[in-house]
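The values are calculated or read from the model by the stated rules, or taken from the named source; none is laboratory data. In this text the structure is predicted, and so the values were computed from the model without any measurement. Positions of Cβ are generated from backbone atoms using ideal geometry, with glycine treated the same way; all protein chains shown enter the neighbour counts. What goes into the accessible areas is simple: the full protein's heavy atoms, side chains included, and nothing from ligands, DNA or RNA. Shrake-Rupley method; radii C 1.70, N 1.55, O 1.52, S 1.80 Å.
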Amino acid sequence: MSDRTQQVEAKSGEDYLVEVRDLKKWFPLQGGFIDTLLGKNQTFVRAVEGVSFNIHRGEVFGLAGESGSGKTTIGRLVVGLETPTEGSVLLDGVDLAALSKEQVRKLRKRMQVMFQDPTASLNPRMTVGEAVGHGLKIHFPEKAAAHRDMVAEMLERVGLTPAGLYMDKYPHQISGGQRQRVVIARALVTMPALILADEPIAMADVSVRSLLLDLMLRLKQELNLTYLFITHDLATAKYICDRIGILYLGRMVEMGDLREVYANPLHPYTQALLAAVPVPDPHKRRTEQMPKGEIPNPINPPSGCRFHPRCPIAEARCSEEQPELRQLRPGHQVACHLAEQFLD
Amino acid sequence: MRSEENLYSIRKLTVDYYTRSGKLEAVGQVSLDIKRGEILGLVGESGCGKSTLGKAAMRMIQKPGKIAGGELWFDGVDLMTLPEDEMRQLRGDKISMIFQDPMTSLNPVQRISEHLVETIKTHEKKTKTKSALQRARKLIERLGIQSRRLQDYPHQLSGGMRQRVMIGLGLVLNSNLIIADEATTSLDVIVEAKLVDQLKAIRDEFGLSILMITHNIALVAEIADRVAVMYAGRIVEVGTVYDIFDDPKHPYTQGLLNSVPTIQLDERQELYKMPGEPPDLTNPPSGCRFHPRCPQAMAVCSQWQPALEEVSAGRLVHCWLYQDQAVVSGEVAA
């Protein structure tokens, strides 16, 4: 561990690999030619609106929410694939924005990404060996002689054994589950500290998902990894995440230890989200009513609490004042003015 | 062969696709009944043939695919011998389909009202535009969309609304059977839950049957009365939703149920990790197609295919563990 990280630890008293502070990301909306002539104000999609969280070293932190909640954008901001409009991301206490492009590139080997669709994220003209070894070529050119062995070792680790059998195959020559494993191997070969896993198993067959999740958890232990796990599936999150943040329309509405949040959801949105997930037991069919309407447009989000137009318990105050995250139970924060009523 | 109980009976249906790497049997010898007024869940993984089965039920298999054999009986009508123009009338009129992606199934340059009115007028030549519009308005309000939205184009609606319009297109002709192929898959959970409520309410109100095709086994537990489980082109188990979830018989169903994460905290953390992957159907395993992944496989399983045997009333299992020995010898001989 470097001096730098120790310094940060001393400051915060906690061992954070990632600190995200008041992150904002607005995407400018392409206006028409006429709008430009008329001098209309630039409009923005407010994808992320002031989100803060920390990821402990060695934990799996989940970000969950519906489409349009900003979860993918946050993930991309954390690994530096997007630049924030405001706010900062610190890796090992170092602000990514303060680094030069070259330094960020060097940091890339410490942050790797697993995307949703293994077929789309593998180059069809690269063999498995080339795809997995590509990161080594970029980040460790000095170790060129050892690359093939390093790739082979990683392939075996992810269960593609014997590695020699897969090394020279192209993505179309292997099965979907094996492609998924190649994507995992490719992310891990540079020995990163942080893995951004954006819906990594959503495309996998149902019967192979548990194997992949298990593989990800085992590799985390073996290689001392930290995951930022992005998902829309709260059941998968339960299986893999230690802590979870629930996003709604670019804001964090609830955050805490996963079991605590699932057992005592304090935000009406989290409550609805958890109730909506179907349970594989016909004796436990849902009886709860679902909130009215759908997730609104992030170009012009509701005032105050963004959930208030759909919220069953909203009061006048909710449309005026934006609630901030506050701790109501140990290890459990919620952004709702009226959450106290759910405490007991 | 009109039955009081069954609206649709599929018998020994086989659908083949002719690919460059040879013939692929996507659906093999499948028999299945859809009862009047029931929601039947057809569950399986991608590539198991569930969508092909749904399309075959509407005789919509296109080249390079072909219905290679079997019978389709809809409300006493033999669909396999029905002329194409009558079949076309029946699609939409009696059986309609809701697809996964409403964005590609709706015409982007047609207003919602035009979609509905056109559907009505195509099937009911005598209906006037005005009364068709009236019906469209009533239906769309019933589905929880304000009638002024009829003037909108598909891109102006939210994903959930578009999916409800798709359901509306299925309902506007008073179909007796709706085939919903992954109809909720692209939706967020809350929107999906609302659609599930709506489908249930529609079934109760109109007494129609719904074939719900999905990969999501939890969703089936939420909505279905009966469940059929498909694996590699075969129906492997059929039963009531309580049969299937309380007492799954087929090792695949058992494995699937034990490997799916749930949000319930009281449950054991450990998930079953099913070995292997679904097979490539151009080169399927011999005998029972699940045998290479089956923890209870016996010698016979790789040799011969089991029959879809009725183990108790309405309970069918396609597995050697449950085959009547007398039948076994007969099947093997045949």
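Below, the figures for the structure above:
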| read-out | value |
| --- | --- |
| Taking N as its residue count, the alpha carbon Rg of region B:180-239 over 2.2 N^0.38 Å | 1.16 |
| Extension gain from B:Arg2 to B:Asp246, taking 0.36 nm per residue of separation minus the Cα-Cα distance | 84.6 nm |
| Cα convex hull of chain A, projected area averaged across orientations, nm² | 21.5 |
| Extension gain, A:Arg285 back to A:Asp22 (0.36 nm per residue minus Cα-Cα distance, nm) | 90.8 nm |
| At least 30 Å² accessible surface lost relative to isolated chain, residues of region A:194-209 (1.4 Å probe) | A:Asp205, A:Val206, A:Ser207, A:Val208 |
| Candidate aspartates and glutamates for bridging to B:Lys138, where Cα separation is under 20 Å - those fewer than 8 sequence places away on the same chain excluded | B:Asp93, B:Glu114, B:Glu118, B:Glu124, B:Asp152, B:Asp197, B:Asp204, B:Glu205 |
| Pairs from A:Lys220/A:Lys284; B:Lys126/B:Lys194; A:Lys238/B:Lys12; B:Lys55/B:Lys249; A:Lys292/B:Lys249; B:Lys200/B:Lys273 whose Cα-Cα separation, in the structure shown, is over 30 Å | A:Lys220/A:Lys284; B:Lys126/B:Lys194; A:Lys238/B:Lys12; A:Lys292/B:Lys249; B:Lys200/B:Lys273 |
| Förster radius 35 Å - calculated FRET efficiency between A:Arg329 and B:Tyr153, Cβ distance, rounded to 0.05 | 0.15 |
| Summed buried accessible area for B+A [probe radius 1.4 Å, Å², rounded to 100] | 4100 |
| 25 °C / 0.890 mPa s Stokes-Einstein diffusion coefficient of chain B, Kirkwood radius on C-alpha pairs, µm²/s | 116 |
| Over region B:197-334, equivalent-ellipsoid semi-axes from the Cα gyration tensor in Å | 28, 20, 14 |
| Within the accessible area of region B:127-260 (1.4 Å probe), percent carbon and sulfur | 48 |
| In order through region B:59-68: 3J(HN,Hα) via Karplus (6.51 cos²θ - 1.76 cosθ + 1.60), integer Hz, x for Gly, Pro | 6, 10, 6, 10, 4, x, x, 7, 6, 8 |
| 1.4 Å probe accessible area per residue over chain B, in Å² | 43 |
| Solvent-accessible ranking of B:Arg135, A:Arg306, largest area first, probe 1.4 Å | B:Arg135, A:Arg306 |
| Calculated on alpha-carbon atoms, Rg and Dmax of region B:121-175 in Å | 11.3, 33 |
| Which listed pairs, of A:Lys24/A:Lys71; A:Lys109/A:Lys137; A:Lys106/A:Lys137; B:Lys94/B:Lys121; B:Lys35/B:Lys121, have C-alpha distances above 18 Å, in listed order | B:Lys35/B:Lys121 |
| For region B:1-142, Kirkwood radius (reciprocal of mean inverse C-alpha pair distance, Å) | 17.2 |
| Per residue, in Å², the accessible surface of chain A once ligands and nucleic acids are set aside, probe 1.4 Å | 45 |
| Vicinal HN-Hα couplings computed from phi for region A:324-332 (Karplus, 6.51 cos²θ - 1.76 cosθ + 1.60; Hz; Gly/Pro x) | 9, 5, 9, 7, 10, 9, x, x, 8 |
| Label point 7 Å beyond Cα of B:Thr19 along Cβ direction - residues of region A:95-122 with amide nitrogen under 15 Å | none |
| Two-site FRET efficiency, B:Glu124 against A:Arg125, from Cβ-Cβ distance with R₀ of 56 Å, rounded to 0.05 | 0.55 |
| Calculated P(r) tail over 36 Å for the protein assembly as shown, as whole % of Cα pairs | 47 |
| At least 50 Å² of accessible area lost relative to the chain alone, listed for region B:170-213 with a 1.4 Å probe | B:Asp188, B:Val189, B:Ile190, B:Lys194 |
| Hull-based mean projected area of region A:200-344, where the convex hull spans the alpha carbons, in square nanometres | 10.7 |
| Antiparallel DSSP beta bridges within chain B, as percent of all bridges there, nearest 5 | 65 |
| Whole-Å semi-axes of region A:170-219's equivalent ellipsoid (Cα gyration tensor) | 18, 14, 9 |
| DSSP bridge orientation in the protein assembly as shown - percent antiparallel, rounded to nearest 5 | 60 |
| Kirkwood estimate for region A:129-252, i.e. one over the average of 1/r between Cα atoms, Å | 15.5 |
| Pairs of alpha carbons in region A:53-178 whose separation is greater than 27 Å (percent) | 34 |
